[in-house]
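Each remark here refers to the structure printed beneath this line.
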Amino acid sequence: MKKTKAAIVGASGYSGQELIRLLVRHPHVEITQFTSRQYAGKAVAEVFPRFRGQVDATFTEPDASRIDADAVFLALPHGVAAEFAPPLLQKGIKVLDLSADFRLKSASVYKEFYEHEHPAPHLLKQSVYGLPEIHREQIRSAKLVACPGCYPTSIILGIAPALKTGLVKSDGIIATSLSGVSGAGRKVADEFLFTECNESARAYSVPKHRHLGEIEQEVSSLAGTNVIITFTPHLIPLNRGIVSTIYLSLAKKAEDALAMYRDFYKGETFVRVTPSLPDTKNVEATNFCDISVRVDPRTNRLIVVSAIDNLTKGAAGQAVQCLNLVCGYDEATGLL
């Protein structure tokens, strides 16, 4: 079988590094280009010694006109990815964007949450939100896949069964999430120094985190009505991982919520509905989302807890899962 030629633009960030880890073992993919402005000219294995003996290539300057690939992963900051997508799409290359640039369908909502005009609004209708468990068939035929954020992945997958089955009301939803420090990206900033993060936990971006826009967009689509969510993220002293707790008001009696969730995700390779409450250590460096639910009769609420690895199911792993769909491979290839 001819291998899919894939390029990683922004390969030196945390998500880019995770993409390399996953794709070097993918039996149907050949990585043809690794780009990085910071490390251009340096060997990939010199910057990331973990890839010694696996990757014999150097980082190159990112230049859309010089990319020769069947598919390109854009592991870039928001605003920058949208500059690369149009010329790549014009060349007939499939684009899997790990930034936030094409997740929102509305340019005005994008401006509200990201505080600048969208660089390529004409592509928003074309993009497909890359959450396979919800949009699998649309992803298969997509040319531009907008891979979801890490927080939205953990929350949307946690909410979807309850909303789709009418078990809960669509109003009054509250979600809190705890994230490891790698979720902030591979950058130097005072608030992410070891001495600032270690032995500490703090909420941030209250009350309007940037991911809230895509969470509400997708949850509203599931509910068939406009949904407003209260969402509070927290930074905790872990390298990687997210655990989210979601509170929903019951619309009817929950006979067996856990069984309903299991039935909803039956056949989904990467969603595991568990009787025990999920934790990050059991999903670390995997593409799994672990979910469990509890009914609180005292408050008439459904409590959902989910856990993912923010760099894998929350970023690179989900992007590879989408690549498999786009290319017609088994969805789990290279991820188990």
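FYI, it's all coordinate maths here, none of it is from the lab. Small disclaimer: the values here were computed from a predicted structure and weren't measured. For neighbour counting, all protein chains shown are included, and Cβ atoms are generated from backbone atoms with ideal geometry for every residue, glycine included.
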| query | To the nearest µm²/s, what D does Stokes-Einstein give for the stretch 150-309 at 37 °C and 0.692 mPa s, using the Kirkwood radius over alpha carbon pairs as Rh? | reply | 203
| field | Sequence-distant residues sharing a close amide H with Val271 (under 5 Å, placed H) | value | Cys289
| task | Taking H placed 1.01 Å from N in the peptide plane, check which residues at least 5 places from Gly241 or on another chain put their amide H under 5 Å from its amide H. | result | Gly180, Asn310, Leu311
| Inter-part distance where the stretch 61-122 and the stretch 232-272 are each reduced to a Cα centre, Å | 30
| Residues with amide H under 5 Å from that of Thr4, placed H, sequence gap 5 or more | Val29, Glu30
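Taking other Cβ within 10 Å of each residue's Cβ, how do Leu336, Leu124 sort, fewest first? Don't skip to the end; give the middle numbers.
Details: Leu336 10, Leu124 20.
If I rank by nearby Cβ atoms, fewest first, I get Leu336, Leu124.
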| Between the stretch 173-225 and the stretch 295-336, how many Å separate their Cα centres? | 17
| For Arg140 and Glu46 in the same chain, what is the full-extension length gain: residue separation times 0.36 nm, less their Cα-Cα distance, in nm? | 30.2 nm
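Rounded to the nearest 500, what is the 222 nm mean residue ellipticity of the chain from helices alone, with -39500 (n - 2.57) per DSSP H run of 4+ residues and division by all residues?
On the way: 10 runs with 91 residues, N = 336.
About -7500 deg cm²/dmol.
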| remark: Karplus ³J(HN,Hα) for the stretch 280-289 (6.51 cos²θ - 1.76 cosθ + 1.60, θ = phi - 60°; Hz, whole; x = Gly/Pro) runs 5, 5, 8, 10, 4, 6, 10, 9, 7, 10
| task | Kindly provide the trypsin sites (Lys or Arg not before Pro) of the stretch 264-336 that DSSP labels as loop, not H, G, I, E or B, and whose Cβ sees at most 11 other Cβ atoms within 10 Å. | result | Lys266, Arg298
| query | Considering the alpha-carbon set of the chain alone, what are its Rg and its Dmax in angstrom? | reply | 19.5, 62
| task | Report ³J(HN,Hα) in whole Hz for each residue of the stretch 80-96, in order, from the Karplus equation J = 6.51 cos²θ - 1.76 cosθ + 1.60 where θ = phi - 60°; Gly and Pro get x. | result | 8, 4, 5, 6, 8, 4, x, x, 5, 5, 4, 7, x, 8, 6, 10, 10
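Take Thr280, Thr58 and order them by how many other Cβ atoms sit within 10 Å, fewest up front.
The fewest-first ordering by Cβ neighbours comes to Thr58, Thr280.
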| request: Could you run the Karplus curve 6.51 cos²θ - 1.76 cosθ + 1.60 with θ = phi - 60° over the stretch 263-273 and give me ³J(HN,Hα) per residue in whole Hz, x for Gly and Pro? | output: 5, 4, 9, 4, x, 7, 4, 9, 10, 10, 8
